[in-house]
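K.L.:
Let me give you the structure first, and then I'll get to my questions.
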Amino acid sequence: MSAQRTVSKPRKTRRRGRGTLAVIGGLLLTSAAIRMADEAIALEQRGPSSAPESVELEQAAPAAQVMTDQDLAPILAALKQREDRIARREGDIRKRLQALTLAESEIDRKMAAMKRAEEDLRATLALAQTAAEDDLTRLTNVYANMKPKQAAALFEEMDPDFAAGFLGRMRADAAAAIMAGLTPRAAYTISVVLAGRNAEVPTE
């Protein structure tokens, strides 16, 4: 009986030691599970992008703090000067365009006036030529209807070219009668002028 009692005591001690270890292990596992659960809940509350955003904000914060109003003032002043230069150039371009438009309008007006003046001049020249032709025709008829001796006295005083012009417009018989009343020298000079004019007329 005593031997059995001495053997059973170590078995109870071993069982108690194993039970203590199991309890401690369970407590550790429970603590780890609780920590993991707390971290999961915290991450879920913050969201997946909260950590990177905080890092980016922390990285960007020094850069934002570096750019002060004093640093931005020269940049803003340079931009303002550039805008002023562009505005002045645009104003100059608008003024030049207005000047060009006015110049083009003035040129068009002057061209139209010159065209009208040219047309008026042509009409005047045509009228003058017609009037001169009419005057020459009437004057030629007057000389042709004069008495040959009276007409010859007038032609004797005329310039040979001028006299030849009238005689060339007259009928042949009237011109011959006037030529007969001229002095030989005057008649010869007028004949040379008439012959030269006729020689310049193309035959073909």
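K.L.:
Give, as a single signed number, the net charge of other residues whose beta carbon lies under 14 Å from the beta carbon of R88, with Lys and Arg counted +1 and Asp and Glu -1. Don't jump to the answer; show the numbers that get you there.
P.N.:
Details: positive: K80, R82, R85, R89, R94, K95, R96; negative: E83, D84, E90, D92.
Value of the local net charge: +3.
K.L.:
A further question follows. Sum up the charges of everything whose Cβ sits under 14 Å from the Cβ of N145, counting Lys and Arg as +1 and Asp and Glu as -1, but leave N145 out.
P.N.:
Counting the neighbours of N145, the net charge comes to +4.
K.L.:
If you don't mind, another one. Report the gain in length on full extension from A123 to I86: 0.36 nm times residue separation, minus Cα-Cα distance, nm rounded to one decimal. Before the final figure, lay out the partial values.
P.N.:
Values: separation 37, 0.36 × 37 = 13.32 nm, distance 5.49 nm.
Here the answer is 7.8 nm.
K.L.:
Considering the options A153, A180, G196, tell which one lies farthest towards the positive end of the dipole of region 74-204, charges being +1 on Lys and Arg and -1 on Asp and Glu at the Cβ, about the Cα centre.
P.N.:
The listed residue farthest towards the positive side: G196.
K.L.:
At a probe radius of 1.4 Å, what is the per-residue accessible area of R88, in Å² to the nearest 10?
P.N.:
Roughly 140 Å² of R88 is accessible to a 1.4 Å probe.
K.L.:
Here is a follow-up. Want the number for A180 to M111: 0.36 nm per residue separation, take away the alpha-carbon distance, what's left?
P.N.:
19.1 nm
The values are calculated or read from the model by the stated rules, or taken from the named source; none is laboratory data. Keep in mind that what you see is a predicted model, and the values were worked out from it rather than measured. In this analysis, Cβ positions are derived from the backbone assuming ideal geometry, glycine residues included, and neighbour counts consider all displayed protein chains. In case anyone asks, the SASA skips ligands and DNA or RNA and just uses the protein heavy atoms, side chains included. Shrake-Rupley method; radii C 1.70, N 1.55, O 1.52, S 1.80 Å.
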